[in-house]
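Structure, as structure tokens:
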Amino acid sequence: MSQAAQGGTPAVNSRIEGLRDMEPVDRRRAIAAAAGMDQAGEAALSGEGALALSVANGMIENVIGKFEMPLGVAANFLVNGRDYLVPMAVEEPSVVAAASYMAKLARQGGGFTVSCTAPIMRAQIQVIGISDPYGTRAAILAHEEELIEQANSRDVVLVSLGGGCKGIEVEVFPESAIGPMVVLHLLVDVRDAMGANAVNSMAEMLAPRVEEITGGKVRLRILSNLADRRIVTASVRIPPSALDTKTLKGAEVAQGMVEACTLAMIDPYRAATHNKGIMNGIDPVVVATGNDWRAIEAGAHAYAARSGRYSSLTTWEIAKDGTLVGTLEMPMALGIVGGATRTHPTAQASLRLMRITTARELAGITAAVGLAQNMAALRALSTEGIQRGHMALHARNIAITAGAVGADIDRVAKAIVAAGDVSVGRAKQELEST
Ligand SMILES: CC(C)(COP(=O)([O-])OP(=O)([O-])OC[C@H]1O[C@@H](n2cnc3c(N)ncnc32)[C@H](O)[C@@H]1OP(=O)([O-])[O-])[C@@H](O)C(=O)NCCC(=O)NCCSC(=O)C[C@@](C)(O)CC(=O)[O-]
Ligand SMILES: NC(=O)C1=CN([C@@H]2O[C@H](COP(=O)(O)OP(=O)(O)OC[C@H]3O[C@@H](n4cnc5c(N)ncnc54)[C@H](OP(=O)(O)O)[C@@H]3O)[C@@H](O)[C@H]2O)C=CC1
């Protein structure tokens, strides 16, 4: 399946000629047209007046205003054979360009392939004040069916959609600073929700019954952000010729990327930066769709440390035929209902732009962008270094910091890049030189 129509909807063209050189208004129009969005959707993507102060006031507390961020679009994404224009809300230059560039290269190998497990979240119920933790575990397991049934009576909507509590696990901590402890995990299929509120409500509801069953005291009743039963996997296969540069053969670049990733797999200092680069792709999609980026960050880093040593979330290897193969595996607790996904008009427009119909589809696209971002960083680091590409785009920020406005922004940016001195001091000199 390439750009075939999906369910009667015309396919999106994610490769729009000259997109990078357009003015923002024209670019938005082209994007909206490519995705078949109506005027209201296009207006919501602009962000201008989209989030009413009264709605913002209903979202959080002590509201005094709204904080604006640039919303860009990553082009060229082909995921599971389908084209996507991906909205990214981010303040850092070069992130959107890098994602678009790697998505363009990835098309030469068929784009990204993604898969996602069922959307199972965990809620933890901590039981203390017991002296026989293994006996307590057995007592809880003996009541598994009853507990699942009671949990599911809490969320009829979720159950009617095929979700709900699907099972339990019981962890034993025979020794802790406060004595023996057991922790009951509820495994809940949250369908298209991020699921925190849904599972927290179930955990709180079950607590009194768990105290009766165990004779202990329930302390915490809260979800775990280590969503290790809600895993997304993305992979990409890049023919070496796609990585050729003016001075290096693609095979050498691929080898360099594998070597760079190897350090992230064994060294937490490098792994932290490597994973930050992955989150450069993931967080902007999470923010643009109104999702909880703290939850995604917490899950990602906890998963990266699951072996006891913090490590890379991606792997890069070279197949027998020389193809560079990249994979990303991590928890992805994203929703398309609940939280701010339905209340923020721009988040709704972002979902419409991608034509997302399930939370699993959103998780897959987001993972593909994370993998693309990691690929961009490794490719740059294994060849010319990060500064040329990144600083060339950061130069416009520096020009603005130096006081440039309007046409002066690009003029000053170009001049300081050409001078090889992307600094505020140099930008001020260039500004004054007109
Ligand atoms: C920045 C590039 C893409 C330039 O790369 P380039 O070779 O100068 O790009 P190009 O001008 O040849 O353009 C190639 C494609 O890139 C895209 N592109 C290029 N420029 C634009 C633009 N202005 N606006 C929109 N799209 C752009 C666009 O898709 C374009 O295709 P085309 O549209 O021409 O058919 C490259 O150098 C790159 O990928 N660098 C890596 C950047 C990066 O990783 N940034 C993240 C910030 S650094 C960081 O925070 C994390 C890090 C790096 O530390 C993580 C780690 O260590 O692992
Ligand atoms: N540690 C953390 O990460 C925590 C995060 N949070 C916050 O929780 C929020 C997310 O919670 P979440 O439970 O997703 O949000 P909501 O409670 O807003 O939405 C979930 C509810 O939507 C209803 N629903 C309707 N359609 C569907 C569908 N197709 N699939 C699934 N559910 C559907 C369900 O039942 P019904 O209609 O009966 O409600 C479900 O319980 C975020 O704002 C997050 O920031 C909160 C606490 C802790």
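Along its principal axes, what span do the Cα atoms of the stretch 1-156 show, with the longest given first and each in whole Å?
68, 47, 33
Determine which lysines satisfy two conditions relative to residue 428: a Cα distance under 23 Å, and not lying fewer than 8 residues away in the same chain.
Output for residue 428: 414.
Could you tell me the extents of the stretch 208-358's C-alpha atoms along the three principal axes, largest first, rounded to whole Å?
Between the extreme Cα coordinates on each principal axis of the stretch 208-358 lie 68, 40, 26 Å.
Mind putting a number on the dipole of the chain about its Cα centre? Charges go on the C-beta only, +1 for Lys and Arg and -1 for Asp and Glu, and I need it in Debye to the nearest 20.
In debye, rounded to 20, the chain gives about 680.
Compute the FRET efficiency between residue 217 and residue 60 as 1/(1 + (r/R0)^6), taking r as their Cβ-Cβ distance and R0 = 35 Å, and round to the nearest 0.05.
Taking R0 as 35 Å, the efficiency between residue 217 and residue 60 is 0.60.
Quick check for me: using +1 on Lys/Arg Cβ and -1 on Asp/Glu Cβ, what's the dipole size of the stretch 1-103 about its Cα centre, in debye to the nearest 20?
Dipole magnitude for the stretch 1-103 comes out near 280 debye.
Testing the spin-label approximation: label points 7 Å from Cα along Cα→Cβ at residue 247 and residue 21. State their distance in nm.
According to this spin-label approximation, the distance is 2.8 nm.
Above 27 angstrom, tally the Cα pairs of the chain and express them as a % of all pairs, no decimals.
So the pairs more than 27 Å apart make up 59 percent of the total in the chain.
Could you give the length gained by full extension between residue 317 and residue 160, i.e. 0.36 nm per residue of separation minus their alpha carbon distance, to one decimal place?
Full-extension gain reported as 52.2 nm.
Once the convex hull of the alpha carbons of the stretch 303-387 is built, what does its volume come to per residue, in cubic angstrom?
Looking at the stretch 303-387, the number lands at 167 Å³ per residue.
How large, in percent, is the carbon and sulfur part of the accessible surface of the stretch 314-418 at a probe radius of 1.4 Å?
Answer for the stretch 314-418: carbon and sulfur cover 57 percent of the accessible area.
Using only Cα atoms, locate the centre of the stretch 98-118 and the centre of the stretch 175-244, then give the distance between them in Å, rounded to an integer.
If we compute the Cα centre of each part, the gap is 29 Å.
Figure the gain on full extension for residue 419 and residue 405 (residue separation times 0.36 nm, minus the Cα-Cα span) and round it to one decimal in nm.
3.0 nm
If one computes the Cα centroid of the stretch 138-165 and of the stretch 411-434, what distance in Å separates the two points?
Their Cα centres are 63 Å away from one another.
Kirkwood Rh, Cα Rg: Rg to Rh for the stretch 287-434?
1.09
Only helical DSSP H runs with n ≥ 4 go in: add -39500 (n - 2.57) per run for the chain, normalise by residue count and round the 222 nm mean residue ellipticity to 500 deg cm²/dmol.
After summing the helix terms and dividing by residue count, I get -14500 deg cm²/dmol.
Near the amide H of residue 79, under 5 Å away, which other amide H atoms are found, from residues 5 or more places off or on another chain, if H is placed in the peptide plane?
84, 112
Would you kindly state how much longer the chain becomes between residue 33 and residue 132 on full extension, computed as 0.36 nm times their sequence separation minus their alpha carbon distance, in nm to one decimal?
That pair, residue 33 and residue 132, stretches by 29.2 nm at full extension.
For the peptides 343-350, 21-28, 66-73, 296-303, what is the packing order when you average, over each peptide's residues, the other Cβ atoms within 10 Å and list the highest mean first?
343-350, 296-303, 66-73, 21-28
Solvent-accessible area per residue for the chain at a 1.4 Å probe radius, Å²?
Averaged over the residues of the chain, the accessible area is 47 Å².
Return the distance in nm (one decimal) between the two label points of a simple spin-label model at residue 293 and residue 53, each offset 7 Å from Cα along Cα→Cβ.
Taking the simple label geometry, residue 293 and residue 53 are separated by 2.5 nm.
Just to be sure I understand the curve: with the Debye formula and one point per C-alpha of the stretch 213-290, what is log10 I(q)/I(0) at q = 0.16, 0.23 Å⁻¹?
Log10 I(q)/I(0), no solvent term: -0.91, -1.22.
The values are calculated or read from the model by the stated rules, or taken from the named source; none is laboratory data. Here the structure is a predicted model, which is why all the values come from computation and not from measurement. Backbone-built Cβ (ideal geometry, glycine too); neighbour counts: all protein chains shown. Calculation scope for accessible area: heavy atoms of the full protein, side chains included, ligands and nucleic acids excluded. Shrake-Rupley method; radii C 1.70, N 1.55, O 1.52, S 1.80 Å.
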